[in-house]
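J.: Dumping the structure here so I can ask a few things about it.
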Amino acid sequence: MNPKIAVGTAFVCSTPIINATASTVGVAGTGTAIGTLTGAAHTSATAAWIGFGSMKLGMCMMGALPVVGALLILDRIAGRGEGVSIIDWREEFWKQYRAQCELEEMKKAIQVDSKHQVEAEKTARSSAQLEGEFRSLEDEHELNLMKKELGLI
């Protein structure tokens, strides 16, 4: 099992684990065993026990650990490489998506007749766009040559 998924699963299940551990071995500040308490007293004593005497810290930890665990699991499921942050991965994905959309728009602007002569419907805005159109035409030309060799045309 992947370590991120194992740690993430442990963190997601941390609240019941903390409650069970506190009920078994924990002692409230009053000296009462946490396992004998019920309701709000049990919750408060458990939070103070896990927060090293601070109920606020304990409640924060009990609320944050499952969220951190879920993020670890989702991070691993996303299939990104090691050491790549979620923000970098998202930005790269977005750049690829925008480039693909621009390519689709450029394909709509190019018409190819039966003699494979190219006529653009609009003038290119920049040299980068011209280069992109040229590359797509080269690819299409190579594809047509392959089709001819295979006897498909």
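J.: Inside the stretch 7-42, can you point out the residues that are free of Cβ contacts under 8 Å to residues at least 24 places away in the same chain and either of a type in the set (S, T, Y) or not assigned by TED's automatic domain parsing to the domain that holds P66 (or both)?
T.: Scanning the stretch 7-42 gives T21, S23, T24, T30, T32, T36, T38.
J.: Continuing with this model, one more query. Kindly check whether there is at least one residue in the stretch 9-32 that is surrounded by fewer than 16 Cβ atoms within 10 Å (Cβ to Cβ), among the small types (G, A, S) and either in contact with a strand residue (DSSP E or B) (Cβ under 6 Å, 6 or more places away or on another chain) or outside any helix (DSSP H, G or I) (or both).
T.: Yes, because at least one residue in the stretch 9-32 is surrounded by fewer than 16 Cβ atoms within 10 Å (Cβ to Cβ), among the small types (G, A, S) and either in contact with a strand residue (DSSP E or B) (Cβ under 6 Å, 6 or more places away or on another chain) or outside any helix (DSSP H, G or I) (or both).
J.: Working carefully through the options E149, E119, E131, E104, find the one that is at pLDDT 75 or above and more than 33 Å from the chain's Cα centre (by Cα).
T.: E149 is the lone residue from the list that is at pLDDT 75 or above and more than 33 Å from the chain's Cα centre (by Cα).
The values are calculated or read from the model by the stated rules, or taken from the named source; none is laboratory data. Worth saying up front: this structure is predicted, and the values here are computed from it rather than measured. FYI the Cβ positions are ideal-geometry reconstructions off the backbone, even for glycines, and counts take in every protein chain you see.
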